[in-house]
Each structure stands twice: as structure tokens, then as C-alpha cells.
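A short write-up of the structure that comes next.
Read-outs throughout are calculated quantities, based only on the coordinates presented, and are distinct from any laboratory measurement. Because the structure is predicted, anything quoted here is derived from the model rather than measured.
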Amino acid sequence: FVVIAVSALIASFFSFTVATISIIFVGFYFLNSGFDFYYILSLCPTIGKVLFNLTLNIDFKNFNSIDSFYQILKVIGFDKKSSKYVRKNELNYVTYYFLLLSISLLIIMFLISEKLNLLFLGAIFIFVINSFLLRFCDTQSIYATLMLSATAATLNSGEYLLLIPFWLFVSPPPFFFGFTLLLSKNSFEKLTIVNPFKVDDLILKTKNFIKNIKPKEIVFMAYKDPINDYRKIYSPYRDLQEMFLYYLTEKGALAIPDWHLIVMDYNEKDSDNIWGEEISQIEPNLHKFNANYLLLQYHEKNISNKRVIDEKYELVSTFDWEEFSHLFEKNKPYLPDWVNGEITYSELPLWCLYKVN
């Protein structure tokens, strides 16, 4: 129990996901022990640490502050009906295949050892909840949980007969033999191969791009409407903005809409629209947020807007990502088509920073 308490507490300092998974696992052992409350006591430090983190910014005398905590719960799927941005479950052949494979291995474990392995059962439970109900973990974390739990369960059983079904689980034949139906572009085993590259030029370009922005000034980023799909927020250039946001924050300036604004203030069904790349959509948001600058990302579908916006606002700086196209030959920014699983690539954008007021 001391080992459980210390291990789970240490994990909570590094990963909220691991802490959540640990709590679920220990809950299964609590049920199996006939309600031995030492299991619950061993989790008290971890639960206390997680709750402390969640309530740091909550004033329980202020209803709006409590409502902010509820908004966080909505993001992972507790209330999809009232949420504007719904995080849809990414179900595919791989999801159902691994669910069937996991249940089959659990049954084989039970038949060979004549005991229900709660560790692996807990992993399957987490997999089902995260895949079909709530989305509190990345897909990669869930698969890692299944693999590690199966490994621990097999080794702890001491049953040599389990080695064969275990190997079939961690190296499924369809993946092993390259069965194309499961080896899709969304498969967790199909990794994108990229070459390492120096980021010095990108850093220098980014710093020059924002050099005129002063602390406490606001930059409004115009993005196309994600159409209420959480996964398409900032798409397709979400990855490109990370360095820009980092150095802008380092200067003490603010870029909006950021995740906090989207989740906390604009995630109701009737929330105002804060998206759009047309001038008629941009202007109301510039006034609403009292923005000092406007960041527009021109691409083949909205480049026609550039002349109108150039005439209306003062162009301060530009960042043409095509200058760095050689870095993205094997890792282009992309907009996934979530209907049929195909990926359509987008061109690298031209960033333009305009002075508004």
C-alpha cells in the first residue's frame, strides 16, 4: 500500500493522465479485495494532489469560477449536448480490432490461470471509456496502457502457456503481416518519418515577425471556422503556430482565440462565432477583443482577401512558410478528412501581421 501511495503520488506530479489511470486501476483492486479501504487510503495523496491542481484557480464563492471547472469537464465529453465544440470519438477498424483482441486475451488468461486478471480488466475498462464515452487520454496513452498491463499480467501469472496469446496481442498478425485494412494512415503503428533539422532560422524568423508587438498587446488570429468540431480548431496549421505563441507569450503579449478562451467562454451552443477569414467576419472580432494586431494566414483558398485587407490595415511584417518548405517534405501540415480517413494536404501559408490600432 505504501508503494502504491508513493508511486501514484509521484506520477501525479508529472502526468494528470497517469494519475487518472492509476486511480482507476486501484479502484478495481479495491473492489476485488472485498472493499479493503487500505486501497482507498493509499490513493488519498494522489486524489488530493489532483483536486488541488484542479481547484487552484477556483473561487468557490464565485459561481462563474465553479462554472469554469464545469467547462473543463465538458471538453472531455461530460456534456456533449450543450457543448459547441464536440470532441468526436475517433473510431476505426483498429479500435474495434484491439477491443476484440483485448477481451479475447482476458478470457484466455482466465481459462489458463482460473483467475480474473483485474489489472488487464482495468486497462480494457479505460480503453472502452476513453474510446466510446469520454476522451481524457490520447490514443497512444491508451494503447500503451493496454500493452503494459498485458505484459505485467502475463509475467505475474507465471503461466508459460500465456506467452503465445500475449505475443499475438502485442504483435497482432494483421499488423505483423502488413494487412492494409488495419494499417491505415490513422494507425498508431504507422509513424511519420521525419528528418531532424535546426530550428535556429525558424526562431530568428519568428522573433523578427513579432518584434513590433509590445507587452500586453493583443493579436487576433483569424482562422477558418472548425464547424463545431473540436479536432479542427486551428486546422490545418495548428502545429505551425506553436513557436509563434511561445515567443509571443515570452514577450508578455496575448494571442486570441487561445484554448482557454475557446473552452471557458465560447463553448456553449449559442456562443458567438469567433472564426472566419473574410473581412466581414474578422472586423467584429477585432472590436470585440480590442485587438492591436491581426494575424492572417493566406493560402490558396483565401489569398483573394489580401488586397482588401492590405488597403484597410497597415502591414507590419510577413512570414512566408514556403521559405522553409524543405523542412516539411515528409511532414506537411494537413487537414484530415474525418469522414473517410483520407488526408488532404494544404499548402504552407503566408503569414501577414497587420496593425489594427
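Once you have a ≥ b ≥ c as the square roots of the Cα gyration tensor eigenvalues for the range 260-326, tell me rounded if a/c is under 1.5, and otherwise prolate or oblate according to whether a/b is larger than b/c.
Values: a/c = 2.04, a/b = 1.57, b/c = 1.29.
Prolate, since a/c reaches 1.5 and a/b exceeds b/c.
For a test of the definition: using alpha carbon positions, the gyration tensor, and the 1.5 limit on a/c, classify the range 70-128 as rounded, prolate or oblate.
oblate
Rounded, prolate or oblate for the range 194-312? Axes are the square roots of the Cα gyration tensor eigenvalues, ordered a ≥ b ≥ c, and the cut-off for rounded is a/c under 1.5.
rounded
Would you kindly state how much longer the chain becomes between ASN32 and TYR97 on full extension, computed as 0.36 nm times their sequence separation minus their alpha carbon distance, in nm to one decimal?
Full extension of this stretch gives 20.6 nm more.
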